[in-house]
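Worksheet: the structure to be examined is printed underneath.
The values are calculated or read from the model by the stated rules, or taken from the named source; none is laboratory data. Owing to the predicted nature of the structure, the values given are computational and were not obtained by experimental measurement. So basically every Cβ, Gly included, is an ideal-geometry build from the backbone, and we count neighbours across all protein chains shown.
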């Protein structure tokens with residue numbers, strides 16, 4: 001009976017227990033990584049595109065970043081310049097805020113339809129096509145109405161509107177600036 005008692009009492013050796021714990025840890029880690037990594041990649045896939053175009057569009061310093069107001073015609077216009085710094089931006093969204101706190105949002109894109117309230121600086125007509133800046137270039141626009149502030153957000157090639165990358169506050173134009 002003494003021999004049988006020793007065989008039952010022996011249990012698992014410490015080396016085998018350590019190996020089993022290591023294998024169990026590796027298997028659990030593999031399962032977690034096989035589930036978590038694809039999940040995170042799927043969730044961050046399009047958001048990563050916004051990181052790629054971060055600071056890709058801005059309001060550069062320009063004499064056209066201002067508003068003009070004509071009391072005799074009761075007409076006003078706001079000019080703004082936009083610079084495109086990075087590739088991967090298919091268009092950009094400009095949110096303009098007037099002095100009453102109302103906002104107008106415009107998506108400017110290469111194949112943009114003609115708008116009756118937006119034109120290029122130097123173009124006398126609001127019915128002309130609106131240009132889109134090339135990478136490294138900038139364009140200046142004029143919109144009907146007096147706006148005090150604007151925010152710009154890039155739009156990725158997949159159509160995702162990214163966070164605001166630049167904000168500008170407009171001041172009154174000098175007399176020598178012709179919008």
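With respect to (1) in a loop (DSSP other than H, G, I, E, B); (2) modelled with pLDDT of 90 or more; (3) in contact with a strand residue (DSSP E or B) (Cβ under 6 Å, 6 or more places away or on another chain), the lone exception for residue 101 is condition (3).
Set side by side, the residues 148, 96 differ, and just one is within 29 Å of residue 51 (Cα to Cα) and buried (at least 18 other Cβ atoms within 10 Å of the Cβ), which is 96. Just one of the listed residues (116, 42) is assigned by TED's automatic domain parsing to the domain that holds residue 132 and either modelled with pLDDT under 90 or assigned to a helix (DSSP H, G or I) (or both), and it is 116.
For residue 122, state whether it is closer than 19 Å to residue 168 by Cβ and assigned by TED's automatic domain parsing to the domain that holds residue 159.
Against the criterion (closer than 19 Å to residue 168 by Cβ and assigned by TED's automatic domain parsing to the domain that holds residue 159), residue 122 does not qualify.
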